[in-house]
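First comes the structure, then the notes that go with it.
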Amino acid sequence: MKMSGNTILITGGGSGIGLAFAERFIQAGNQVLICGRRENVLQKAKEQFPGIITRTCDLTIESERIALFDWVIANYPEVNVLVNNAGILQHFNVLKVDAKYNWSIFSEEITANLEAPIHLSMLFAPFFAEKGEAAMINVTSGLAFTPLAVTPIYSATKAALHSFTMSLRHQLSATSIEVIEVAPPAVDTDLSASWLRTHIEPLDAFADGIFKGLEEGKTEIGYSTSADRLRMSRDQVDEYAEKMYNAMKASIE
């Protein structure tokens, strides 16, 4: 994708990976729109980067996704890049949760991580297809390739988003839309926590590495350990998944 002169919408752009991407896109000469659920977080991002455009929305609600799309194309019709970054990560033991009365907690994770990015991709695809240059960037995870058993829903939704991204790339191959997947490892953001007993990559180094991949024209971009996992054999996946579970299973016991 071209690295400057774009108008870019980043979901979950108020903090963490989303904000790090926003910073770099702004520095490269792009107009950046970000959305998120927390108005105070968006306001802090606005104070840090006055040129950024913010909108509060809850992407787990279908009507708010549609409202976001309508608002963007009405007010910023030059938009040509969508970054599906927003997500929720929960770690839990399936034997210790009440799925009868608390299912909404887990349903929200599925909706945020999978339904929302698929819906937004399908909303923006016909609009982007009319443009000379456009891109969709789906942020999945290294866990899309080697699941972490203590985060079963997160791993499953990211694997599904990886599959959808592959299908989307094929379907849009005859259009001007580039479809790019970014698969982070564990990165030092609010999404990570003390229970994640593994090496955590510094946010700035990770973001710089991803932008290097974008500049090189890659369509699947990992970083550090996640780069290795993109092409693992099935036997390697099984071995890695078992190793990670054994290292972190105490966090859900």
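Counting other Cβ atoms within 10 Å of each Cβ, which chymotrypsin sites (Phe, Trp or Tyr not before Pro) in region 29-115 have at most 14 and sit in a DSSP loop? Please report the intermediate quantities before stating the final value.
On the way: sites: PHE69, TRP71, PHE92, TYR101, TRP103, PHE106; in loops: PHE92, TYR101.
Qualifying residues, ordered by number: TYR101.
Three semi-axes describe the equivalent ellipsoid of the chain; taken as square roots of 5 times the Cα gyration tensor eigenvalues and ordered largest first, they are 29, 20, 18 Å.
What is the sum of charges around THR151, taking Lys and Arg as +1, Asp and Glu as -1, for the other residues whose C-beta is under 10 Å from the C-beta of THR151?
Summing Lys/Arg as +1 and Asp/Glu as -1 gives 0.
Within a straight-line Cα-Cα reach of under 14 Å, LYS243 can be paired with the following aspartates and glutamates, leaving aside sequence neighbours fewer than 8 residues apart in one chain: ASP235.
Among 124-137, 5-18, sorting by the average number of other beta carbon atoms lying within 10 angstrom of each residue, highest first, gives 5-18, 124-137. Only one residue of SER121, THR7, TYR76 has its Cα farthest out toward the positive end of the dipole of the chain, where Lys and Arg carry +1 and Asp and Glu -1 on Cβ, and that residue is SER121.
Across the chain, Cα pairs under 8 Å and at least six residues apart give a relative contact order of 19 percent.
Would you mind checking LYS100/LYS249; LYS100/LYS158; LYS212/LYS249; LYS46/LYS249; LYS44/LYS96 for any pair whose Cα atoms are more than 29 angstrom apart? Over 29 Å apart, Cα to Cα: LYS212/LYS249; LYS46/LYS249; LYS44/LYS96. Amide H contacts under 5 Å for VAL81: THR7, LEU9, ALA135, restricted to partners 5 or more places along the chain or on a different chain, H placed in the peptide plane at 1.01 Å from N. For region 136-253, the Cα gyration tensor yields ellipsoid semi-axes of 26, 17, 12 Å (square root of five times each eigenvalue, largest first, whole Å).
The helix-only estimate of mean residue ellipticity at 222 nm for the chain, built from DSSP H runs of length n ≥ 4 each weighted as -39500 (n - 2.57), is -13500 deg cm²/dmol after division by the residue total. On the basis of the beta-carbon distance and an R0 of 35 Å, TRP71 and ASP235 show a calculated FRET efficiency of 0.15. Listed by chain and number, the aspartates and glutamates whose alpha-carbon sits under 18 Å from that of LYS218, ignoring those within fewer than 8 places in the same chain, are GLU133, GLU178, GLU181, ASP208, ASP228. Remark: region 131-144, residue by residue, has Karplus-estimated 3J(HN,Hα) of 9, x, 9, 7, 8, 10, 10, 9, 8, 9, 5, x, 6, 5 Hz, where x stands for each Gly or Pro and the curve is 6.51 cos²θ - 1.76 cosθ + 1.60 at θ = phi - 60°.
Mind listing which trypsin sites (Lys or Arg not before Pro) in region 6-101 are in a DSSP loop and have 14 or fewer other Cβ atoms within 10 Å? Write down the numbers at each step before the final one.
Working: sites: ARG24, ARG37, ARG38, LYS44, LYS46, ARG55, ARG65, LYS96, LYS100; in loops: ARG37, ARG38, LYS96, LYS100.
Of the trypsin sites (Lys or Arg not before Pro), the ones in loops of region 6-101 whose Cβ has at most 14 other Cβ atoms within 10 Å are ARG38, LYS96, LYS100.
Think of each Lys and Arg Cβ as +1 and each Asp and Glu Cβ as -1; about the Cα centre, that makes the dipole of region 86-199 roughly 320 debye. Extension gain, LYS46 to LYS96, is 14.0 nm, computed as 0.36 nm per intervening residue step minus the present C-alpha separation.
Across region 104-253, the mean sequence separation of Cα contacts (distance under 8 Å, 6 or more residues apart), normalised by length, yields a relative contact order of 26 percent.
Counting Lys and Arg as +1 and Asp and Glu as -1, what is the net charge of the other residues whose Cβ lies under 13 Å from the Cβ of GLY87?
Working: positive: ARG37, LYS158; negative: GLU108, GLU109, GLU115, ASP190.
It works out to a net charge of -2.
The modelled label-to-label distance for the pair ALA247/GLU78, using points 7 Å beyond Cα in the direction of Cβ, is 4.5 nm. Normalising the average separation of contacting C-alpha pairs (under 8 angstrom, six or more residues apart) by the number of residues puts the relative contact order of region 174-253 at 35 percent.
Taking a ≥ b ≥ c as the square roots of the eigenvalues of the Cα gyration tensor, region 1-127 is classed as prolate, since a/c reaches at least 1.5 and a/b is larger than b/c.
A short reminder: the numbers here are calculations on the coordinates, not readings from a lab. The structure presented is a predicted model; accordingly, all values stated were derived computationally and were not measured. Heads up, the Cβs are rebuilt from the backbone with ideal geometry, glycines too, and the neighbour counts pull from every protein chain shown.
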